[in-house]
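K.L.:
Dropping a structure here in structure tokens format, bear with me for questions.
The values are calculated or read from the model by the stated rules, or taken from the named source; none is laboratory data. A quick note: this is a predicted structure, and the numbers were derived from the prediction, not measured. Positions of Cβ are backbone-derived with ideal geometry, glycine not excepted, and every protein chain shown enters the neighbour counts. When the accessible area is computed, the model is the full protein with side chains, heavy atoms only, and any ligands, DNA or RNA have been set aside. Shrake-Rupley method; radii C 1.70, N 1.55, O 1.52, S 1.80 Å.
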Amino acid sequence: RSLVALYSARRDPIMSGKMRMQGMMGGGLPGLLKEGYQHFSGLEEAILKNVAACKDLADITRTSLGPNGMNKLVINHLEKLFVTSDAATITTELEVAHPAAKMVTMAAKMQESEVGDGTNFVVTLAGELLHQAQELLRMGVHPSEIVSGYNTATKKAMELMEASVCRSVEDVRSVDQLIVPLKAVLAAKLWGHEDLLAPLVAEACVSTMPPSRPSINVDNVRVAKLVGATIGDSQVVKGVVVLRDAHGAVKHVENAKIAVYGGAVEASETETKAAVVLSDADELMNYTKGEEKLMEDTIRGIADAGINVIVSGGAISEIAQHYIDKFNMFSIKVLSKFELRRLCRSIGATACARLGPPMPEEIGTAASVSVQELSSRRVTVFKQVDDGETGGISTIVLRGSTMNILDDIERAIDDGVNTVKVLCRDARLLPGAAAVEMEMALRLREFGDASPGMAQYAINAYATAFEVFARTLSENAGQSATDTISALYAAHAAGRKSAGVDIEDTEGGLLDAEEAGVFDTFAVKKEALRLAADAALTVLRVDQIIMSKQAGGPKPREPGAPDA
């Protein structure tokens, strides 16, 4: 009987193991993947759903295109409020979860990191290309035919864009010549203020260009935001502006040697708590004299190292400030760690964790450090040493009624500074106001009609996608999009390559973009076209979506929910 029981006990695990193996060796994906996966395949489940997700994302940013574009009010997961029409900010803060729409978002982020502008162009064109492909897919055209036609159309569009160049910025060091392309960039975000901001951006960029070559480092053009007054009161200051007054009596230093401390400039405290019993006045005097002597020796050592400016990331005690003034040194507090890090990068310093004389490689330099008054507020200006290679540093001091407005102006200025950086590499310009897009749409349609096979349908759909820019500009201006597009096709067919949308004409009239001074940067448009086409083609090549079960863990708390 015991042998039978032993045999049964050994037999059951074997049988159960065989049964588990048979379940795992089952056919199809259930036997291949772990439990909890999701699988979508086919035209309706995978391809069209991907296209719909990307089109929904493009519809969000499309209405923000152009000078009349609408703002979006976005509240992110940290409950921070954004009121902006900048597509890069919108797509970043939306936290897109759909895998196909994420590809378009990543293309927009790449555009922002590469050239700094044109993110709305990428998202809008990618969404429209996929929307046009959706119609072909429903007609029965195979995705491979659409991909082949789109590849051919992209190469042709690049050639047409090269042929559409109308002028160039001959001297990128000329403020007057830089203002022309900058006005169109700034008007797309802040229509009506481009005449005020374009000269400021151009002046700041030109002042940071090194004499050896026409190029700029975008980190050398800073933005300081002061709430109050109006945009017209904004100005350019040569140097790094810290929005704080000096902490001591010294207000100006030439040939500054700067020591930056990440912590407070005060006497160190012991880790243990102790009580000090003083019996008479002499013991009290001797006790304070010891602390004073220690602080005096510390500040004297810093001064003997050649330091004449102290930047503190925390508080500065009264006794420390007394000896800083005694040794005729400049002192300032910078309480923001991010601002302190930016200042260190500008002056070439390293933030010290200990209070004492810094090492030679930790010392920063500046031509001068002084306190100036800007619009009834005292600020500290660090003027950088121009070594002929890296150029100087300029700060655009912005004024505005609210911080949200100043944040939006800062984003527009960042686009303008990046545009100048691109112009230093490639100074070619294209006619704006959707003129170059309509010219490419017309020529691509002619090219598609002459192409054999099924590719002509995809090329014509690619051409139709470019109409979205003229349609959006017209709709945002309150015009009839159909009438405007018809008029643009007629004008471009007649040879008017610079004919674009006149957003100020309520009747839907046209303007000559070249005569009106509305230009787009060639390098920005070329990179945006390439990224938009790549994103659309990547989405079209996907025929299956396989999603694993998400990792466990607590779900993020919803906004407004009570604490657990």
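K.L.:
If I filter the stretch 462-477 down to residues being aliphatic (A, V, I, L, M) and open to solvent by 10 Å² or more (accessible area, probe 1.4 Å), which single residue comes out as nearest to Pro143 (Cα to Cα)?
P.N.:
This residue is Leu473.
K.L.:
Another question about this same structure. Say whether the condition of being open to solvent by less than 30 Å² (accessible area, probe 1.4 Å) and under 30 Å from Val311 (Cα atoms) is met by at least one residue in the stretch 419-431.
P.N.:
No; the residues of the stretch 419-431 include none that is open to solvent by less than 30 Å² (accessible area, probe 1.4 Å) and under 30 Å from Val311 (Cα atoms).
K.L.:
Of the residues Ala477, Ala487, which single one is modelled with pLDDT of 90 or more and not polar (S, T, N, Q)?
P.N.:
None of the others qualify; the one that does is Ala487.
K.L.:
To continue, here is another question. Keeping to the stretch 129-164, report how many residues are more than 27 Å from the chain's Cα centre (by Cα) and either on the phi > 0 side of the Ramachandran plot or β-branched (Val, Ile, Thr) (or both).
P.N.:
Of the residues in the stretch 129-164, 5 are more than 27 Å from the chain's Cα centre (by Cα) and either on the phi > 0 side of the Ramachandran plot or β-branched (Val, Ile, Thr) (or both).
K.L.:
Give the residue that is nearest to Leu374 (Cα to Cα), with candidates limited to residues of the stretch 193-230 that are in a helix (DSSP H, G or I), charged (D, E, K, R) and open to solvent by 40 Å² or more (accessible area, probe 1.4 Å).
P.N.:
Glu203
K.L.:
So which residues in the stretch 237-256 are part of a strand (DSSP E or B) and surrounded by fewer than 18 Cβ atoms within 10 Å (Cβ to Cβ), if there are any at all?
P.N.:
Result: His252, Glu254, Asn255.
K.L.:
Okay, moving on. Would it be correct to say that Val206 is within 18 Å of Ser85 (Cα to Cα) and β-branched (Val, Ile, Thr)?
P.N.:
So Val206 does not fit the description; no.
K.L.:
Right, here's the next one. Where residues in the stretch 316-349 are aliphatic (A, V, I, L, M) and over 18 Å from Gly239 (Cβ atoms), which of them is most open to solvent (accessible area, probe 1.4 Å)?
P.N.:
Across the stretch 316-349, the extreme among qualifying residues is Leu335.
K.L.:
Something else about it: Is it true that Leu190 is at pLDDT below 85, closer than 20 Å to Ala513 by Cβ and surrounded by 15 or more Cβ atoms within 10 Å (Cβ to Cβ)?
P.N.:
The answer is yes for Leu190.
K.L.:
If you go through the stretch 293-308, how many residues are in contact (Cβ under 8 Å) with a residue 24 or more places away in the chain, open to solvent by 50 Å² or more (accessible area, probe 1.4 Å) and acidic (Asp, Glu)?
P.N.:
The number of residues fulfilling the criteria is 1.
K.L.:
Given (1) open to solvent by less than 20 Å² (accessible area, probe 1.4 Å); (2) over 30 Å from Phe82 (Cβ atoms); (3) among the hydrophobic types (A, V, I, L, M, F, W, C), where does Ala450 come up short, assuming only one miss?
P.N.:
That leaves (1) as the condition not met.
K.L.:
Let me ask something else about it. Check whether at least one residue in the stretch 350-367 is small (Gly, Ala, Ser), open to solvent by 20 Å² or more (accessible area, probe 1.4 Å) and in a strand (DSSP E or B), and report yes or no.
P.N.:
Yes, the conditions are met somewhere in the stretch 350-367.
K.L.:
May I pose another question? Going residue by residue through the stretch 65-79, is there one that turns out to be at positive phi, touching a Leu at 6+ places or on another chain (Cβ under 6 Å) and in contact (Cβ under 8 Å) with a residue 40 or more places away in the chain?
P.N.:
Taking every residue of the stretch 65-79 in turn, at least one turns out to be at positive phi, touching a Leu at 6+ places or on another chain (Cβ under 6 Å) and in contact (Cβ under 8 Å) with a residue 40 or more places away in the chain.
K.L.:
Can you tell me which of Gly290, Gly313 is of a type outside the set (D, E, K, R) and either touching a strand residue (DSSP E or B) at 6+ places or on another chain (Cβ under 9 Å) or surrounded by 12 or more Cβ atoms within 10 Å (Cβ to Cβ) (or both)?
P.N.:
Within the list Gly290, Gly313, the selection yields Gly313.
K.L.:
Tally up the residues in the stretch 149-173 that are outside any helix (DSSP H, G or I) and open to solvent by less than 30 Å² (accessible area, probe 1.4 Å), please.
P.N.:
Matching residues across the stretch 149-173 total 3.
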